[in-house]
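Step one of this worksheet: look at the structure below.
The values are calculated or read from the model by the stated rules, or taken from the named source; none is laboratory data. Bear in mind that the values here come from a model prediction, so they are computed numbers and not experimental data. Heads up, the Cβs are rebuilt from the backbone with ideal geometry, glycines too, and the neighbour counts pull from every protein chain shown.
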Amino acid sequence: MAQSQVEFRFLAEPTHVNFGGKVHGGMVMKWLDQAAYACATRWSGLYCVTVSVGTIRFRRPIFVGHVVELVARVVHTGTTSMHIFVQVRSGEAKSTELAETNHCIISFVALDEQGRPAAVPPYTPRGAEEQFLEQYAVQMKQFSQQVEQQMLDFYQQTDSPSA
Ligand SMILES: CC(C)(COP(=O)(O)OP(=O)(O)OC[C@H]1O[C@@H](n2cnc3c(N)ncnc32)[C@H](O)[C@@H]1OP(=O)(O)O)[C@@H](O)C(=O)NCCC(=O)NCCS
């Protein structure tokens, strides 16, 4: 497996399921964060913290007893940040066919032993898919920072302590 990628594979258990018999959205979000954390830590060799989560679209439900597979890949790096594309797929355990249920970009910052942002190894995309995913991650980062700034500006204008 590439240094830039980690894979998780397990069964959805009854404790993961909501009252409708499908896996909780919050549980899927936890798995996404865990897989992306493992990927960022493997890439950087450092403790990492989540700085931002991109949009998550729940495309299909995940059912108890189904196989769940998460593939997390580094798709973009900055100086101290790593931007991880995570894809979730699931399907019946007896089948080899898995269908995508979710994907998202999660951004991490590596920290040194003093808890300060630390430099990470640079990632270089190869081929059309990796270049596309890097561009997607860059756009997601820019969007996230832009809307965050809008929120800060709004609270500063209104003298609200929320910012
Ligand atoms: C993450 C943290 C250390 C960043 O510290 P900071 O001094 O604000 O750092 P900066 O503003 O310089 O940003 C650090 C990196 O994050 C990136 N970043 C900042 N906001 C971002 C966003 N919305 N989306 C993506 N990346 C972002 C910056 O681009 C920078 O990356 P670069 O060094 O590759 O250019 C700090 O905000 C923090 O501790 N946050 C809480 C983390 C946490 O508790 N997470 C949940 C539990 S793990």
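Computed values, structure above
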item	result
Residue that is nearest to Pro121 (Cα to Cα) [pool: residues in segment 31-49 that are touching a Phe, Trp or Tyr at 6+ places or on another chain (Cβ under 6 Å) and within 13 Å of the ligand (Cβ to nearest atom)]	Ala40
Options Val17, Val88, Val71: the member that is in contact with a helix residue (DSSP H, G or I) (Cβ under 9 Å, 6 or more places away or on another chain), farther than 29 Å from Arg126 by Cβ and surrounded by 16 or more Cβ atoms within 10 Å (Cβ to Cβ)	Val17
Filter pass, Arg42 being under 19 Å from the mean Cα position of the chain (by Cα), modelled with pLDDT of 95 or more and assigned to a strand (DSSP E or B)	no
Evaluation of Val109 against (1) outside any loop (DSSP other than H, G, I, E, B); (2) within 9 Å of the ligand (Cβ to nearest atom); (3) free of Cβ contacts under 8 Å to residues at least 24 places away in the same chain (one fails), failing number	(3)
Unique residue being free of Cβ contacts under 8 Å to residues at least 40 places away in the same chain, within 16 Å of the ligand (Cβ to nearest atom) and not aromatic (Phe, Trp, Tyr) when the list is Gln87, Gln135	Gln135
Odd one out for Asp112 among (1) surrounded by 13 or more Cβ atoms within 10 Å (Cβ to Cβ); (2) under 18 Å from Arg42 (Cβ atoms)	(1)
Residues (among the hydrophobic types (A, V, I, L, M, F, W, C) and without any contact (Cβ under 8 Å) to a residue 12 or more places away in the chain) located in segment 21-36	Met27
Those residues of segment 50-72 which are within 16 Å of the ligand (Cβ to nearest atom) and either aliphatic (A, V, I, L, M) or in a strand (DSSP E or B) (or both), in sequence order	Thr50, Val51, Ser52, Val53, Ile56, Ala72
Check on Ala119, modelled with pLDDT of 95 or more, over 16 Å from the mean Cα position of the chain (by Cα), surrounded by 12 or more Cβ atoms within 10 Å (Cβ to Cβ) and farther than 30 Å from Ser90 by Cα	yes
Among the residues listed as Ser95, Ser144, the single one being near the ligand (Cβ under 9 Å from one of its atoms) and polar (S, T, N, Q)	Ser144
